[in-house]
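Novice: Structure below; questions to follow.
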Amino acid sequence: MRIIENLLKSVVLEEGIITEKIKLSEAAFKIRLENKNISKTNFVPGSFLRMGIGIGNDELSMKDKIRSYSVWDINKDEGYLDVAIATHSNGIGSQWVKDCQVGDSVHFKWKKGKFLADDSADSYLLIGDLSALSHLYMIHRNIGYGKQVESILYSQGKNELFADVDGTLPFNFYELSPNPVKALTDKVKEIVPAFKGKKIAYIAGDSRICVALNQFFRKELQWETRQIKTKPFWNPEKKGLE
């Protein structure tokens, strides 16, 4: 196991240093990583990191040593990036972010994925829970100005949600129970009739919500598949879901 980990650290992963750790809310922390190569990165808004937060822990299987986190903010001039990590799952990642300290090293790898900012639409609807909040903030900042944007960001307690990197609250926050499909579809029905022009929906977070709302948009609202972008960040019955 250690041989594989050493190969990961020396060949596959980059090393960053934690230079800032801030509690954002009752259930989330901001972690800032500095790395000399960040300034050279061809960053695409909506990209994320695979972080080796379990490297060195022999009690974990290899698949549990890596977790994926969205890039919430990046400053290429100063060579740092920020991620926001939720703690309410009590999983490997939540324990790590509670325990990590400024000065610790973290190994990571860039991942572009497909849940990226698309500035081609006129109207947007962003839906997600705490796990998706920082990612949707990044999307929101990169879809251009003058767009019609509506949002449904939810958690069991509003005190778990947090403001964007500039301190603003551009999203509508809701206090909802877990897996609130009916509440979300009812809200969507209120919002989308006012949309004009090309429309795109971003849906992220709980995989059950991603599946249910994708079907709702396609079957009931008759949206085309390319108008619906989904990203399951977690599933209550699985570990390590991207």
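Throughout, read-outs are computed from the coordinates displayed, never taken from laboratory work. Being a predicted model, the structure only gives us computed values, none of them experimental. Glycine gets a Cβ as well: all are built from the backbone with ideal geometry, and neighbour counts include every protein chain shown.
Novice: What does the chain give for Rg and for Dmax, in Å, if only its C-alpha atoms count?
Specialist: When restricted to the Cα atoms of the chain, Rg and Dmax are 18.1, 57 Å.
Novice: Output the pairs from LYS76/LYS114; LYS199/LYS219; LYS40/LYS229; LYS76/LYS229; LYS40/LYS76; LYS112/LYS158 with a Cα-Cα distance over 18 Å in this structure; if there are none, say none.
Specialist: Details: LYS76/LYS114 22 Å; LYS199/LYS219 16 Å; LYS40/LYS229 28 Å; LYS76/LYS229 27 Å; LYS40/LYS76 7 Å; LYS112/LYS158 30 Å.
From the list (LYS76/LYS114; LYS199/LYS219; LYS40/LYS229; LYS76/LYS229; LYS40/LYS76; LYS112/LYS158), the Cα-Cα distance tops 18 Å for LYS76/LYS114; LYS40/LYS229; LYS76/LYS229; LYS112/LYS158.
Novice: Related question: What number, in nm² with one decimal, is the all-direction average of the projected area of the convex hull of the alpha-carbon atoms of the stretch 123-234? All intermediate terms of the calculation are to be shown ahead of the outcome.
Specialist: On the way: hull surface 26.4 nm².
Its Cα hull, projected and averaged over all orientations, spans 6.6 nm².
Novice: Just tell me which aspartates and glutamates come within less than 15 Å, Cα to Cα, of LYS189; anything on the same chain fewer than 8 places away is out.
Specialist: In chain and number order, the partners are GLU150, GLU220.
Novice: Still on this structure, I have one more. Of ALA28, ILE38, ALA204, which is farthest along the charge dipole of the chain in the positive direction, counting Lys and Arg as +1 and Asp and Glu as -1 at C-beta?
Specialist: Farthest towards the positive pole: ALA204.
Novice: In Å and on Cα atoms, what radius of gyration and Dmax does the stretch 23-159 show?
Specialist: 15.7, 51
Novice: Here is a further query. Which cross-chain or sequence-distant (5 or more) residues have an amide H under 5 Å from the amide H of TRP223, H modelled 1.01 Å from N in plane?
Specialist: ARG218
Novice: Right, another one. Less than 18 Å apart at the alpha-carbon level, and either on another chain or at least 8 residues along: which lysines does that give for LYS65?
Specialist: By straight Cα distance, LYS65 reaches LYS9, LYS98, LYS109, LYS111, LYS238, LYS239.
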